[in-house]
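Colleague: I have a structure I would like to understand better, so I am pasting it below and will then ask my questions one at a time.
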Amino acid sequence: MIAMVEDALLAAIAVSCWIGCIGMLRMRDPNQALHYLSFPAAVAAVLLPFAFLCLSGWSLATLKATLIALFLLASNAVVTHATARAFRVRAIGHWEPRKGDAVEFVREKRPQ
């Protein structure tokens, strides 16, 4: 029974990674493709320690997988932001929004 749960967890990890890869390939813009990286990073990071738990119980490998999962979950937003910032700098040459940029942030005026 435990082996079936372990196999199901590993299959869910593999499927989430494939969904992320297919989603990245389908997007036309690198910034849009970044959204599909969060799914495998979050799902695989959470399910992998449970797979280790089924495989070897509470062991050093389970502890290491849990610590790695926590690190991945904590750093996921920071790495995604830095990557999006690098894409913008490469595309337009700077980070700050300026008048005349191809991509400009527009603030809507609120009715008073």
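The values are calculated or read from the model by the stated rules, or taken from the named source; none is laboratory data. Treat the numbers as computed from the prediction; the structure is a model and nothing was measured. No Cβ is skipped: glycine too gets one built from the backbone with ideal geometry, and neighbour counts run over all protein chains shown.
Colleague: Restricting attention to region 60-67, does a residue exist that is closer than 29 Å to Ala86 by Cβ, among the aliphatic types (A, V, I, L, M), within 18 Å of the chain's Cα centre (by Cα) and surrounded by fewer than 17 Cβ atoms within 10 Å (Cβ to Cβ)?
Modeller: Within region 60-67, one or more residues are closer than 29 Å to Ala86 by Cβ, among the aliphatic types (A, V, I, L, M), within 18 Å of the chain's Cα centre (by Cα) and surrounded by fewer than 17 Cβ atoms within 10 Å (Cβ to Cβ).
Colleague: Within region 80-87, does at least one residue satisfy the condition of being modelled with pLDDT of 80 or more, surrounded by 13 or more Cβ atoms within 10 Å (Cβ to Cβ) and either under 16 Å from Cys17 (Cβ atoms) or of a type in the set (Ser, Thr, Tyr) (or both)?
Modeller: Yes: region 80-87 contains one or more residues that are modelled with pLDDT of 80 or more, surrounded by 13 or more Cβ atoms within 10 Å (Cβ to Cβ) and either under 16 Å from Cys17 (Cβ atoms) or of a type in the set (Ser, Thr, Tyr) (or both).
Colleague: Could you go through region 44-59 and let me know if any residue there is under 19 Å from Cys17 (Cβ atoms), loosely packed, with under 14 Cβ neighbours inside 10 Å, out of contact with any helix residue (DSSP H, G or I) (no Cβ under 6 Å at 6 or more places or on another chain) and modelled with pLDDT of 85 or more.
Modeller: Looking through region 44-59, none of the residues is under 19 Å from Cys17 (Cβ atoms), loosely packed, with under 14 Cβ neighbours inside 10 Å, out of contact with any helix residue (DSSP H, G or I) (no Cβ under 6 Å at 6 or more places or on another chain) and modelled with pLDDT of 85 or more.
Colleague: Out of Ala12, Ala84, I need the residue that is under 15 Å from the mean Cα position of the chain (by Cα) and not β-branched (Val, Ile, Thr). Which one?
Modeller: Ala84
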